[in-house]
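Step one of this worksheet: look at the structure below.
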Amino acid sequence: MEDVTVPEAQFDEKDPQSIYDFSRLLIGKSLHSLLGGDVIEHSRKGKGGLGQMVEELFFRYKINSNREADFRDAKVELKCTPLLKNKADNSFRIKERLVCTMIDYFELVNTRFEDSHLLAKCKLMLLLFYLHVSGTPVYDYEFLFRILWQIPEKDLLLIKKDYETIATKVRNGEAHLLSEGDTIYLGACRKGQKGDSPQSQPFSSIKANKRAFSLKPAYMRYILKHVVDSSNDHFTNYKAKEPTNYELVNAEELKKSSFEEIIINRFSQFYGLNYLEICDRLGIIPYQAKSKYADIAGLIASNSRSKRISDADEFVKSGIMMKTIRLRSNGMPKESMSFKNIDYQEVYDNDNWLESEAYEIFTNRFLFVIFKPKPAETIVIHNNKTNKDVTEQSYVLDRGFFWTMPQKCLDMARKYWEHIRANILADRIKLNCFWSISDKKGFHVRPKATKKIQLTPNPHGGEAEKYCYWINADFVKKIIDENS
């Protein structure tokens, strides 16, 4: 290979901080602008092509297939990861999950987390975020941010549990049933090109999709937020305590029980109690608000730290969604389940279901908190706004459970997304063009429950009415019945 000139600088290949400091020369530049035209001759294709070029041409070390970290002596893994720029507000968003290493099903079943090459590949990482622009040669991608990220001790405990969850499924001959929704931070993401043959797995004759260990998009967004919030182009938590949101559980609790066991145990102490009784147990004054059941669910899960569980450290990093559901007397949810508004530009730009925002939503882990009506019982709550007492149906906390969407339902979710995308590409962003509840397909599209029509940019120009992703109430009932 011909030499390509690297700017005069030195780094200590045994020192993570030195490697991180040297990477500053890349920020604001592309490999082409930094190293000159000779880079073009060394261009590599594929998703890992840019990372390989950075290794060879910038850091000047030979690519190898070792299972150790890229910088072996410093125990630092190099990862180049893409960002997309939102046209509406020029903000950046994560394009995809961060792939750590491929999963070998036969090796996985006999390897402890502490002995895995996954741990070597993700414990300390130099993350180089670059701007992905379709049609741009890989050597012209501009590097925007650099982060030296040391996975915190508590996160490693959760990742270890995720690893064991995946390994247990494979040991049970269920590699073909793996889902990214099975776990919290570490996912078993689909890999391979269209047409790739499924792989053999131990303990089953059923072939399984090729998969890789990856850090979920929510975790990557959490990391990126550190550098964006700092208004710098760099950030490191190496040998330093990272700033965190409030935590639902601590490291000592995780050494004794799993995250999900801890959370469900907190809910179980309130089973059978109505809203007033739960408020009394929590030491809060009952109040009239549409969000009151979600609020007490958040307080239970967080041990009274906060009503807003979505702000908790573990929820921010994992993307777990808590859904509080009240049932009718016949067991049907009072309403269908809504999610975020559809980002029409994101759907328009992305033709890959596995990298879509919808796929991330529906492969998330869900925490369902179920309240059911107590026959012939009402409660009285004072409304501070009107200064009047309100009498309403009494609901008791029935149960809480974690849930992952199974593959059969994900297949329908994909058809749902493909139908949405086909209409957006054809500039048919109208309510009567999308699936409705009456179609009875499990999913539908409509606005969130608001009286005011809200508009958002249309990829074809102008504006379109905001619609969001919904799961039908009868689909939600089926989930609840199957987890009763």
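Odds and ends about this structure:
- Enumeration of residues in the range 408-432 that are within 16 Å of ILE471 (Cβ to Cβ) and of a type outside the set (Val, Ile, Thr): LYS408, CYS409, LEU410, ASP411, MET412, ALA413, ARG414, LYS415, TYR416, TRP417, HIS419
- Matching residues in the range 326-339 - criterion: being open to solvent by 50 Å² or more (accessible area, probe 1.4 Å) and touching a strand residue (DSSP E or B) at 6+ places or on another chain (Cβ under 6 Å): ARG326, SER329, LYS334
- In the range 94-133, the residues that are open to solvent by less than 60 Å² (accessible area, probe 1.4 Å), touching a residue at least 60 places away in the same chain (Cβ under 8 Å) and part of a strand (DSSP E or B): ILE94, LEU98, VAL99, CYS100, THR101, LEU124, LEU126, LEU127, LEU128, PHE129, TYR130
- Members of the range 436-450 that are without any contact (Cβ under 8 Å) to a residue 60 or more places away in the chain and either open to solvent by 80 Å² or more (accessible area, probe 1.4 Å) or β-branched (Val, Ile, Thr) (or both): SER438, LYS440, LYS441, THR450
- Subset of the range 362-400 (residues that are more than 19 Å from GLU482 (Cα to Cα) and open to solvent by less than 10 Å² (accessible area, probe 1.4 Å)): ILE379, ILE381, SER394
- Helices (runs of 4 or more DSSP H) wholly inside the range 240-317 containing at least 1 residues that are in contact with a Cys (Cβ under 8 Å, 6 or more places away or on another chain): 292-301
- Enumeration of residues in the range 33-71 that are surrounded by fewer than 12 Cβ atoms within 10 Å (Cβ to Cβ), closer than 21 Å to PHE11 by Cβ and in contact with a helix residue (DSSP H, G or I) (Cβ under 8 Å, 6 or more places away or on another chain): LYS62
- Among (1) crowded, with 17+ Cβ neighbours inside 10 Å; (2) part of a helix (DSSP H, G or I), the one test that LEU354 misses: (1)
- Filter pass, ILE429 being farther than 27 Å from ARG326 by Cβ, in a loop (DSSP other than H, G, I, E, B) and in contact with a strand residue (DSSP E or B) (Cβ under 8 Å, 6 or more places away or on another chain): yes
- Set ALA289, ALA294, ALA240: member being open to solvent by less than 50 Å² (accessible area, probe 1.4 Å), hydrophobic (A, V, I, L, M, F, W, C) and within 30 Å of ARG93 (Cα to Cα): ALA294
The values are calculated or read from the model by the stated rules, or taken from the named source; none is laboratory data. Computed from a prediction, not measured in an experiment: that's the story for all the values here. Positions of Cβ are generated from backbone atoms using ideal geometry, with glycine treated the same way; all protein chains shown enter the neighbour counts. For accessibility, only protein heavy atoms count, side chains too; no ligands or nucleic acids. Shrake-Rupley method; radii C 1.70, N 1.55, O 1.52, S 1.80 Å.
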